[in-house]
Structure formats: C-alpha cells, structure tokens
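Here's the structure, in structure tokens; my notes come after.
The values are calculated or read from the model by the stated rules, or taken from the named source; none is laboratory data. Since we're looking at a predicted model, the values are computed, not measured. Cβ coordinates were reconstructed from backbone atoms using ideal geometry, including for glycine residues, and neighbour counts include every protein chain displayed.
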Amino acid sequence: MDQVRKTVVLEGSRGVAEAVRLCRPNVIAAYPITPQTHIVENLSQMVADGLLKAENIRVESEHSAASAVLGASAAGARAYTATTSQGFLLMLEVLYNMAGLRLPVVLTAVNRGISAPLTIHNDIQDSLAARDTGFVQLYAEDNQEALDMHIQAFKIAEDHRVLLPVLIGMDGFILTHSFEPVSLPTQEEVDEFLPPYKPVFYLTPKAPLTMGTKTDPEFYTEARYMLHKAQQNARQVIVEVAQEFKEKFGRFSGDLIDTYLTEDAEIIFVSMGSLVSNLRAIAQELRQEGKKVGVLKIRAFRPFPFEEIVRAISGAKIVIVMEKDISLGATGVLAQEIRAAFYGKANVPRLSGFVVGLGGRDVTRETVLKGLRLAQESDHLCTFLDLNPELLEEV
Amino acid sequence: MYQIGVSQPYNNNLFAPGHTACAGCGQSLAARLVLNALGPNVIVANATGCLEVFSSNFPQSSWEVPWIHSLFENTPAVASGIEAALKALGREDEAIVVAQGGDGGFADIGFGALSGAIERGHNILFIVYDNEAYMNTGVQRSGLTPFDASTTTSPAGGCSFGNPTDKKPVAQIVAAHGAPYVAVTSVGYYRDLERKVQKAAGIKGPKFLQIHVPCPLGWGHDTSLTIKIARLAVQTGLYPLFEMENGEITSVVKITPKPRPVEDYLKPQARFRHLFKPGAEEELKKIQAIADENIRRYKLYEG
C-alpha cells in the first residue's frame, strides 16, 4: 500500500489510523470510548498484523492512557493516544501535566458532546475544556485534512521550538464514521517529511535527570511563561509545517486559519471542524445569488490566531460565528475569542454568535440561513438556533 | 543560572542528602536503601506525596538516577509507558523500571492504575511506602491507616476511637492479580528490605513491595524511635513481613524470641494515645486480636 501514493475510499477513523501508522509511533495507549473506537481498533489490528511496530498498551482508563503516553514520551518514544467526550474529560488532569512537562504526544480528540444529559453524538464541548492546558489544538474540516493534520501534528509537536503535545479535534461520527476518498501518502514520503523523534531530554540512566519537580513561587511563573512562549513559537511552526506539507504532498488546507471567498466578502461565517464544509457550500450558493459571502475556518484554536483573524475578516460588514459549543453562563467559546481579537481595532465588523449542532443535532442549510437572517437584523451575543419550544417548559 | 547536571553520588548513595524530609523520616531512609540496593540502572516514576515533595524542590534534587514525577494517581500508568517505550526502542536492558509512592498514592487514589499495570504484566517494580495515612497533607486517614489510629480525618473523640476500619490488604490483592512476586518488608529490617528489593529486581514481570515506614510527625513518636517502632510493629504481629511468589506465601519473618504485647507498639505513639485512657480496654483487646490472628495466619511464631 505504501509504495505508490494512491487515492482510496476510507472511513475517517481508518484514515487517521493509516496516518498514525505512517508516523511510526513507538507507543500507543488508549481506552475504548464511542466514537473513538474505530481509530484504536484499526491501529490494534495493524500492530497485530505486524504492519505497525509499536507497543500497544490497553490501559484501564483514559487517565492511564494519557499517563502511559506521558511516560513513554518522557522515556524518549513517539507516543499517540485518542479519546473523546467523558474520556477526554477524565484525561484532562494529565493533559495539563503533559504540556507542563513539554512532552510532544499527539492525541486525536474525537469530538462528542458531554454528559449530562448523556449523548454519544458530535459537538466540540469536550476538547474545548482543554482550552488552557498548553496543548496545541487543531481542528479538522474533513477526512483528508484529519489524515494530513496527524502527520503535521507530530512534526509541530516535536519541533524543538515547540515541544508541546498536540490535539486534533475531529468531529465524532460526522468525520470518524463517514467514508471519503483520501490520498494516502507513501511511507517513504512521510519518512522524509517526519524524521524520527529527537528528544532534548529523556529518561535514561546514561544521563540521569529529574523531571516534574516541585517549584516554589520564585520559579513557577517562569515555567508557565516558557510554556506560553512555546505556544507563541507554535504559530510560526504551524505555518512552516503547513507550507512544507504543501510542497511535499501538494495539499494545503490552511495553517492557523483558512479562508474561502473572504477577499471581498461583506458577510463572513466563522467556524471550526466539519461545519466549515457546510458553510463553504452555502457561501458558494449565496455567491451565485450575488451575495458577497465568505467563510473563515479556525484551524488552530491554540495558539489562537488573533492577528490572522482580524486581517482576514475586518473588511466584512457582518461576521457570523457558528459553533457547536457553549461556555455556559457566558457565550459560545469561539465568539468570545473572536470578539477579544477585535478589541481596540479599527473597522470592527458587526458580530453575531450562534450556538448550533449540540449533541449531534444536524446543522442544516436552513439553520445557517436563519442565522444569516437574524444577524442581518441585529447583533446576537449568544443565540441558540433550532430550539424546540415544546421541550422548554419550565418545571 | 540553574543547571540541573549530573553530579557524583555522595558517599555512593543514589539518594542524596540535603532533602527536606522530617527528622526521623522512615520513608526517606527506605527510599535510600531501596535505591542503593537496586543500583544506578533504574528509571523511577514517583507519585505525588512526601517523598516527591521533600526530594525534588527545584532546582535541587536528591535523585542521582533518572526520575519523573507526574501526578498523584497515575504513577503505575506512567511507569507502564516508560517500560513500553524501553521495549519499543530496544532499550529494555537499560534499566529496571520502578513505580513508587505512598499508601495514598498506590492503595487509594492510584489503586485502579496499579491494578491495571499489574494485570497487564508490565516488567515493573512497584513500591508502596506505607506510612499509614496522608502525611504530606497533614495526617489524614487512608485505606492503609490501621484500626483505631487517630488521624486528622479519623480523630479519636468523645464517641470515636479513631479509624474504624482495618488496613486494606493491598499485598494480598496484588498477589491475587497473579503477580509473580509480592513482598512486605519494613525499614526496621533493612537486611530483609535489601534482600527483597534485590530479589524483586531479578524477577521478570510485575513485582510489588510494601514497606512499612514510620512517620514520627504523623504517628506522634520521638524522632529517635523510628527503627524501634518499625521493629515493634513486626514483633507484636501487627505488621507481618512475608513474601508471596505466584500467589503462595513462601517466607515470613519469624518473631523472636516471642511476640510482644501490642501495647509495646501502641504506647509510644500519640495516634494511639486515646487507647490508654479508661474505657478503651476493649479496643486494646481488639487490636491484640488482630495481632494474634496475623501470628496464626502467617505462622509468625510457633511457641
């Protein structure tokens, strides 16, 4: 399969597994949770078939999955894990620690809503809980981008200017369980693009070192600052890696952001993940009706591309943020960040934030057009679209 | 300015002095004995707790061996990852992987991770330093706090004799997983400790050591009595030292010349002070019964 680059129709999860295999991880640790399962099942089969030479640790929880890849990375291995929803939340304590220890693990954050009420379906409330962990956070729009992003993710994570774990947000079911044609790179190409991991420090008796010390107030702030600085460095590295990927594989799906028909757009939709594809289709349709509509994809949620966003959309009259998450008691998370990006700038467009698609509810053409209509009438701080009033009776 | 470099072991100790453990700390002594018994070719994963805090205050470190601290409850999982990495990278012979922590870190909050790592059969030496409560946070009750011990969350009072439950039998639970080697030892029996550490190191697969380590601060005894108290725990029958190989008990440390009454162990410790006030006679009998049952069950003394 690896000798010639070919286009194959694969389930999203399989595509990710193939990408991870091509990156030659030394250690994989994961715990099963829907809809992440197909990714780790595929990887397990690859290990069982000898197609992937890696240690596969079937841990007893997601907390241990994250901890095992943390330990593996600290010992100098390239390590990978995947999870979603409740499993992601269980990992959360370890994710902060992993970033603080500067361990370049790659994690697929299959996106699923969180309990209560229980849902197995897609939104992105789970991985946004990792907002402040120190993880570099990328969101994939389609299965080709998810595949490509994993290959890029290891390179970004392991760059010595970064040395941070990277998570890839990938919409559960919508991407993980749908079949799309994808171009699979060859092993040779990936090996050229992604050299073996060269840790700066790792655990070995040949050069003993102490990792994960306790600190007092005279050191802690500097450690956190350096973590923040590594995030800042990641901006440049994400752009470089996307460029290098384009040159090597001929594909570019954006770096920190991606834009679609935004140049002269009066109305610009902003979103992350698979929803961006829907918005592209709608923008195209509206263009045919003569309406100047464009789309901004936030590809890197951390580091957050403040400047790039402002440059891309400040020419618009109206910006409409469509997002599958809600910071309860505030607004949609992405809308908050976009507003923050514009504070103190000239030519601030009008901005509306809409919460859509929670717990797997379809975001239809009608949903988006309704948002467009509402945003043209007045600005919305945080409005849920498609609410069913019959279900909203007060107790 | 602050360079963490490789220093020469002080006095050939792999656990350097200068750390901030309390005077008379049984755990720091045990940690040094363990490392010196293992030698330099180890990689240690350490749980949050006293040992981690007093040995790794940046930019200082007592560890002359590669050492990592991640979190409180995940140490066996971190060690699993280290062991798997060594395997995957062809560095298996480079080091013995050690996962260590206190009774809270291993028998309570990290028990799931411990169970998982043992069940998966990783080639790791697990060590729990049992000081019988959460000492780092101020002497709160753990699953290994003994019956009737007064702690800050199981205090003795007008209607309480302290901790109402017996110690969780962690070693036996680990042995039931099928671990090839499980042993209980004590800082008061350092030859026994060294022998068990070295024996464990020579066995492939998951092996588990539980080490009784008195805590003068938490137990309320004189700092000069650490070793004596540790030995009294064994000599009364309250802390049986044994080895289990493939689920069977293969050795015990016999009590000589004969078992001491439990009062000898309890009296020097403030955590049991309330048992020596009028009205607690029945409690002392209950504790003696625990010791007697241990002596019978583990054949600690045949008089």
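Listing for the model above:
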item: The one condition in (1) within 24 Å of A:Arg14 (Cβ to Cβ); (2) among the acidic types (Asp, Glu); (3) within 11 Å of chain B (Cβ to nearest Cβ) that A:Glu41 fails to fulfil; result: (3)
item: Residue, nearest to the other protein chains (Cβ to nearest Cβ), within segment A:60-90, restricted to residues that are within 17 Å of A:Thr37 (Cβ to Cβ) and surrounded by fewer than 24 Cβ atoms within 10 Å (Cβ to Cβ); result: A:Glu60
item: Selection from segment B:232-253 of residues that are modelled with pLDDT of 95 or more, surrounded by fewer than 19 Cβ atoms within 10 Å (Cβ to Cβ) and of a type outside the set (A, V, I, L, M, F, W, C); result: B:Glu245, B:Glu248, B:Thr250, B:Ser251
item: So A:Met272, is it touching a helix residue (DSSP H, G or I) at 6+ places or on another chain (Cβ under 9 Å), surrounded by 14 or more Cβ atoms within 10 Å (Cβ to Cβ) and within 14 Å of another protein chain (Cβ to nearest Cβ); result: no
item: Contacts under 6 angstrom Cβ, first residue in segment B:243-272 being farther than 30 Å from B:His177 by Cα, partner among the small types (Gly, Ala, Ser) and outside any loop (DSSP other than H, G, I, E, B), 6 or more apart; result: B:Val262/B:Ala291; B:Tyr265/B:Ala233
item: Boolean, B:Val34 is within 12 Å of chain A (Cβ to nearest Cβ) and under 20 Å from the mean Cα position of the chain (by Cα); result: no
item: Tabulated pairs, segment A:344-365, first within 22 Å of A:Ala265 (Cα to Cα), second acidic (Asp, Glu) and assigned to a loop (DSSP other than H, G, I, E, B), C-beta under 8 angstrom, 6+ apart or interchain; result: A:Arg350/A:Asp379; A:Leu351/A:Asp379; A:Ser352/A:Asp379
item: The lone exception for A:Ile114 - which of (1) within 14 Å of chain B (Cβ to nearest Cβ); (2) without any contact (Cβ under 8 Å) to a residue 60 or more places away in the chain; (3) among the aliphatic types (A, V, I, L, M) it fails; result: (1)
item: Selected residue (criterion: nearest to the other protein chains (Cβ to nearest Cβ)) from residues of segment B:96-114 that are over 15 Å from the mean Cα position of the chain (by Cα) and buried (at least 24 other Cβ atoms within 10 Å of the Cβ); result: B:Ala113
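Residues are listed down the side, and each one gets a yes or a no for (1) within 9 Å of chain A (Cβ to nearest Cβ); (2) polar (S, T, N, Q); (3) farther than 30 Å from B:Asp166 by Cα:
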| site | (1), (2), (3) |
| --- | --- |
| B:Asn13 | no, yes, yes |
| B:His19 | no, no, yes |
| B:Leu29 | no, no, no |
| B:Cys50 | no, no, no |
| B:Pro59 | yes, no, yes |
| B:Thr75 | yes, yes, no |
| B:Arg91 | yes, no, yes |
